[in-house]
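The values are calculated or read from the model by the stated rules, or taken from the named source; none is laboratory data. Because the structure is a prediction, the values reported are computed rather than measured. Here Cβ is always computed from backbone atoms with ideal geometry, including for glycine, and neighbour counts include all displayed protein chains. Only protein heavy atoms, including side chains, enter the accessible area calculation; ligands, DNA and RNA are left aside. Shrake-Rupley method; radii C 1.70, N 1.55, O 1.52, S 1.80 Å.
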Amino acid sequence: MPTTAAVKTSVVERFLRYVTVDTQSAEGSSTYPSTLKQLVLLDLLVKELKQIGLVDASRDEHGYVMATIPPTTKKPNVPAIGFLAHVDTSPEMSGENVKPIVHRDWQGNDIVLPDDPTAVIRRAENPDLESQIGNDIITASGTTLLGADNKAGVAEIVAAAEYLMQHPEIPHGALRLGFTPDEEVGGGTTHFDIKKFGARCAYTMDGQGRGVLEIETFSADAMTVTFQGFNTHPGFAKNRMVNSIKVAADFIGRLPRGQLSPETTEGREGFVHPYVVKASVEKTSVRLLIRDFSTPGLRDKEKLLETLAHEAAAAWPGATVTFALEESYRNMREVLDKHPQVADYAREAIRRAGLEVRESPIRGGTDGSRLSFMGLPTPNLFAGEQNFHSRYEWVSAQDMEKAVEVIVHLSRVWEERS
């Protein structure tokens, strides 16, 4: 594949098929994967990977699909690297009966989605559309999400595998492919077997516009603050009742209003975010997300919450407060900085595809966050997905083709520099 070649692959055709399979994951499920319908696409991927020659393609009991593109290099010590994508779509929007539409040779007009004419992807509200004039924009029909998050990445990896199998003259080491369930509900790495995967590093294909490389995420915790009150018959409650709902409301009212919240922060600013309240007079719990780009910054925010909660409880005699803290994930940069070639080679591959490298921290997390700390350094590369988790989701066919190019170039860079 020449450095800036416009090579047509099977990526668009595959993507248009994959998005029609409903793979929505579910919060609070007791099964793994959280929904059995994810297995439909995972099993289809095993079949298609075998059809293109990846004879070891298989799915395990947890739903993980793994396969190997055999090495073509003559060098003895080229490390295996991996490419990963998740098949599930967000519980926030229906993924059933997705009808993908290809808006060919888009000329800058607002895109009206036909199944709900009030759903309009407006050029003025989508800055990434500015570079897409003349490209083919793929959307859903207006009542569902599209599923580009992350079926664009799935299609790109399979299309790249097909291209590499058709071109054994391209030198590369062993390439491990992985497709996972339940990323959208935080379970994408729960049963992922790093040793079985057997790669030096990996790349998730789960980012936005062309040229994006993400090597930094939030560090994240969740805290549950529980206020204990005392309940009795309201008709005889004077000097006895302690209403924990009011104590919790007092605590929430003490949170900073002009800072430290999702609605007041951007860039590298962290936040605390109350998002679930379970309330009764006797006991009320407030669950909060805590985010910062440094782990010490998390500690500072957690101490602030504890201070405010104790102050609220003290203001209501008889109330008590307890805390439960859960680690969610950590900034993958803490690991990736120890393996600089993983990101450096990705930058080179993006440039070889004729793109400008675009780096910025992720105001969220990826499977790569957990995988990196599990021992598999895993930055995130662009898949082209935009407006994910909504019916306004879109992806450019040309961006997906570029992502395939980057996978091919990246495989070759690792071989060249080994």
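Quick check on region 363-383: of everything there that is in contact with a Phe, Trp or Tyr (Cβ under 6 Å, 6 or more places away or on another chain) and open to solvent by 20 Å² or more (accessible area, probe 1.4 Å), which residue is nearest to Pro100 (Cα to Cα)?
Gly365
So which of Val46, Val7, Val11, Val98 ends up being open to solvent by less than 50 Å² (accessible area, probe 1.4 Å), touching a helix residue (DSSP H, G or I) at 6+ places or on another chain (Cβ under 8 Å) and either among the polar types (S, T, N, Q) or at pLDDT 95 or above (or both)?
Val11
Within region 284-302, track down each residue that is charged (D, E, K, R) and in contact (Cβ under 8 Å) with a residue 40 or more places away in the chain.
Arg287, Arg291, Asp292, Lys301, Glu302
Could you figure out which of (1) at pLDDT 95 or above; (2) farther than 28 Å from Tyr163 by Cβ; (3) open to solvent by 40 Å² or more (accessible area, probe 1.4 Å); (4) out of contact with any Phe, Trp or Tyr (no Cβ under 9 Å at 6 or more places or on another chain) isn't true of Ser360?
(1)
Pick from region 138-153 the residues that are polar (S, T, N, Q) and within 20 Å of the chain's Cα centre (by Cα): which of them is farthest from Val404 (Cα to Cα)? Walk me through it before giving the result.
To start, the set of residues in region 138-153 that are polar (S, T, N, Q) comprises 139, 141, 143-144, 150.
Add one more test, that the residue is within 20 Å of the chain's Cα centre (by Cα), and what stays is 139, 144, 150.
Working: Thr139: 20, Thr144: 26, Asn150: 14 Å.
It comes out as Thr144.
Does Ile111 fit the bill of being surrounded by 22 or more Cβ atoms within 10 Å (Cβ to Cβ) and either over 30 Å from Ala57 (Cβ atoms) or among the β-branched types (Val, Ile, Thr) (or both)?
The answer is no for Ile111.
Looking at (1) part of a loop (DSSP other than H, G, I, E, B); (2) touching a Lys or Arg at 6+ places or on another chain (Cβ under 6 Å), find the lone condition where Ile290 falls short.
(1)
Within region 384-408, can you find the residues that are surrounded by fewer than 24 Cβ atoms within 10 Å (Cβ to Cβ) and at positive phi?
Of everything in region 384-408, those that are surrounded by fewer than 24 Cβ atoms within 10 Å (Cβ to Cβ) and at positive phi turn out to be Asn387, His389.
In the list Leu305, Leu325, which residue meets the criterion of being open to solvent by less than 80 Å² (accessible area, probe 1.4 Å) and either touching a helix residue (DSSP H, G or I) at 6+ places or on another chain (Cβ under 9 Å) or touching a residue at least 24 places away in the same chain (Cβ under 8 Å) (or both)?
Working: Leu325 fails: open to solvent by less than 80 Å² (accessible area, probe 1.4 Å).
Only one candidate qualifies: Leu305.
Cβ contacts < 7 Å: first residue modelled with pLDDT of 95 or more, restricted to region 104-115; second residue of a type outside the set (A, V, I, L, M, F, W, C) and not in a loop (DSSP other than H, G, I, E, B), any location; separation 6+ or different chain. Result?
Trp106/Gln132; Gly108/Arg123; Asp110/Arg123; Ile111/His103; Ile111/Thr139; Leu113/Thr139
Would you be able to say whether some residue in region 222-241 is surrounded by 15 or more Cβ atoms within 10 Å (Cβ to Cβ), without any contact (Cβ under 8 Å) to a residue 60 or more places away in the chain and either closer than 30 Å to Asn77 by Cβ or not basic (Lys, Arg) (or both)?
Yes: region 222-241 contains one or more residues that are surrounded by 15 or more Cβ atoms within 10 Å (Cβ to Cβ), without any contact (Cβ under 8 Å) to a residue 60 or more places away in the chain and either closer than 30 Å to Asn77 by Cβ or not basic (Lys, Arg) (or both).
Scan region 300-345 for residues that are closer than 30 Å to Leu410 by Cβ and either in a loop (DSSP other than H, G, I, E, B) or touching a Pro at 6+ places or on another chain (Cβ under 9 Å) (or both) and report the count.
Residues flagged as closer than 30 Å to Leu410 by Cβ and either in a loop (DSSP other than H, G, I, E, B) or touching a Pro at 6+ places or on another chain (Cβ under 9 Å) (or both) within region 300-345 amount to 11.
Determine whether Asn150 is open to solvent by less than 20 Å² (accessible area, probe 1.4 Å) and either closer than 28 Å to Phe179 by Cβ or outside any helix (DSSP H, G or I) (or both). Spell out how you get there, then give the answer.
Numbers: open to solvent by less than 20 Å² (accessible area, probe 1.4 Å): yes; either closer than 28 Å to Phe179 by Cβ or outside any helix (DSSP H, G or I) (or both): yes.
Yes, satisfied.
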